[in-house]
1. Just checking, does the stretch A:171-187 include any residue being more than 18 Å from C:Ser33 (Cβ to Cβ) and either assigned to a loop (DSSP other than H, G, I, E, B) or within 13 Å of chain C (Cβ to nearest Cβ) (or both)?
2. Is it fair to say B:Trp194 is closer than 17 Å to A:Ile30 by Cβ, touching a residue at least 24 places away in the same chain (Cβ under 8 Å) and touching a helix residue (DSSP H, G or I) at 6+ places or on another chain (Cβ under 8 Å)?
3. What about A:Val123, is it buried (at least 22 other Cβ atoms within 10 Å of the Cβ) and facing another protein chain (nearest Cβ under 8 Å)?
4. Across the stretch C:161-184, what is the number of residues that are closer than 17 Å to C:Leu120 by Cα, among the hydrophobic types (A, V, I, L, M, F, W, C) and within 17 Å of the chain's Cα centre (by Cα)?
5. How many residues are out of contact with any strand residue (DSSP E or B) (no Cβ under 8 Å at 6 or more places or on another chain), at the interface with chain A (Cβ under 9 Å from one of its Cβ atoms) and without any contact (Cβ under 8 Å) to a residue 60 or more places away in the chain if we restrict to the stretch C:13-32?
6. Condition first: assigned to a helix (DSSP H, G or I), modelled with pLDDT of 90 or more and surrounded by fewer than 22 Cβ atoms within 10 Å (Cβ to Cβ). Can you find one or more residues in the stretch B:190-206 that meet it?
7. Identify the residue in the stretch C:101-120 that is more than 13 Å from chain B (Cβ to nearest Cβ) and under 14 Å from C:Val152 (Cα atoms) and, among all such residues, is nearest to the chain's Cα centre (by Cα).
8. Which condition does A:Val136 not pass, out of (1) at pLDDT 95 or above; (2) more than 12 Å from chain C (Cβ to nearest Cβ); (3) over 28 Å from C:Glu60 (Cα atoms), if it passes all the others?
Amino acid sequence: MTMPLLFDLLGVFFFGVSGSLLAARRGFDIVGSLLLAGLTGIGGGIVRDVILGVVPTAFENPYYFIPPTLAALLVYFVAPGVQRLKRPLLVFDAAGLALFCTAGTIKALEAGMNPFAATLLGVTTAVGGGLLRDVVANKTPSIFDPRDLYAVPAMLGAGLMAGLWVLGVRGWVWELAVAAVVFILRVLSLKFRWRVPKAVGSWHRDAELH
Amino acid sequence: MTMPLLFDLLGVFFFGVSGSLLAARRGFDIVGSLLLAGLTGIGGGIVRDVILGVVPTAFENPYYFIPPTLAALLVYFVAPGVQRLKRPLLVFDAAGLALFCTAGTIKALEAGMNPFAATLLGVTTAVGGGLLRDVVANKTPSIFDPRDLYAVPAMLGAGLMAGLWVLGVRGWVWELAVAAVVFILRVLSLKFRWRVPKAVGSWHRDAELH
Amino acid sequence: MTMPLLFDLLGVFFFGVSGSLLAARRGFDIVGSLLLAGLTGIGGGIVRDVILGVVPTAFENPYYFIPPTLAALLVYFVAPGVQRLKRPLLVFDAAGLALFCTAGTIKALEAGMNPFAATLLGVTTAVGGGLLRDVVANKTPSIFDPRDLYAVPAMLGAGLMAGLWVLGVRGWVWELAVAAVVFILRVLSLKFRWRVPKAVGSWHRDAELH
């Protein structure tokens, strides 16, 4: 097993845990937990690969079935403990976000996408699984929660990764460095509750749009 | 028209009826009924074929437009009757589930997928249309209803189909046999209200997770 | 920049504005507004191209990133004004619907699809982005609103486009003519509040289905 595969499987596991936790919160059964863990963990990569026109990685390698299974079992046997571990979980999720956004951008660039499209596909890889998780569980996606800056670190990281590629700066060291930047930005955004403005300007702060 | 095509069209029709019935319940119009019938009937196969990288069957053969049309008309003209026929409908749906999960697994194996991926794609074919139906109608997918064992027979059937394939046991007789097993398991699960455990363990039975 | 590309970008912009307006109504932030504008604008074309098995247009051409950005900025800076412009917006949306349904049908026919499949893909191109917008924002899709005839003009236009193609009547003049028909039908349907029957027949008008 190579290092990139190991990192990828770790990301699938971290995202999978968030899927199984949502399944637990919504009262789904253990099978729903497994399905939601799998969709959250491999969904973003599937969307990326379908758009790239290649067979999704997760379908070429049976290893990808292990992390969602572990995630569902973990939540089944130690769910309240997992819930109490909210902070570590957010850190793990940030690691998944960081690894997926850089790996997704690089895969798109290697497939011949232009830097803009590759950035978008990197972001899709990073946030797509969580988006599918929430859509399928009939919940407003947490990516749209204005109190949390979830997508921004992934957008900056994917854009930076594509920019370095255009400048000819390549290699897994740089990939890890950008992932580290995304990870740190994400953790700082959680710690300091960074936000971006709402979809409408500030002169509208007191009115509710309907 | 070959037998497999006829079976497939029957499955599309059965699933389509469930889509049109949901459209009726939600107060959609006849066009929404037709669109939801189509999505439910052919959605699972489309997802499978897009992942396999082939043109979806339903787009290669205009026959696939007939079953959703019939389903929407049936619900329009005899909806209360259709609703009263809840038990036969569940039996038809079980037949669709059985046919789609074996046919989907075989198509994935023939396309060169490994047995794990083929099992997952068989399940996707069987439950994907119903999942899309509920997601698009903004409803928590019935596949996640812990009072019903919907996905489990499809998972067992797809796994069994892939296992037989690995052992070299192939042919449409075996395909029909596995479909029969899935059908019987599904009907028994409805009759005896089989369930699987919730996403969290039993020591947590009295607490609500939030 | 060619005329068809310009029309396409205009369609992406019009649909993008509807995505950003929904983001504003739901209280999403500016990043969510951008993501929802992008998904609404290019989502229908992505689904069409993924089914056709080609790289989505929006990923081949960085120009497609401009309209959603403009849409999100427009809504951010002048949202209440945009909201007051409800009528012009519906007209712009009708233009997007008309352009996307004819262009989508033609692209599918040129890719070798049969006329039925091409009609369905034309409709998918036209209504897919709005459907994804509503599904992702956890809202019952407005395409299913029985008080509005949204999908019907697109279905008629895509069918007409495919019929002309079969008859050998081709060329961009005809494409624009069909788009004009769709546009006029859509605007008339809004003006005269045209509707189609509900998913269940009229003998059921007083009863609620559950």
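1. Among the residues of the stretch A:171-187, at least one is more than 18 Å from C:Ser33 (Cβ to Cβ) and either assigned to a loop (DSSP other than H, G, I, E, B) or within 13 Å of chain C (Cβ to nearest Cβ) (or both), which makes the answer yes.
2. yes
3. Answer is no for this residue.
4. Total satisfying the criteria: 4.
5. Number of matching residues: 4.
6. Yes; the residues of the stretch B:190-206 include at least one that is assigned to a helix (DSSP H, G or I), modelled with pLDDT of 90 or more and surrounded by fewer than 22 Cβ atoms within 10 Å (Cβ to Cβ).
7. C:Cys101
8. (2)
The values are calculated or read from the model by the stated rules, or taken from the named source; none is laboratory data. Model, not experiment: these values are computed from the prediction. In this analysis, Cβ positions are derived from the backbone assuming ideal geometry, glycine residues included, and neighbour counts consider all displayed protein chains.
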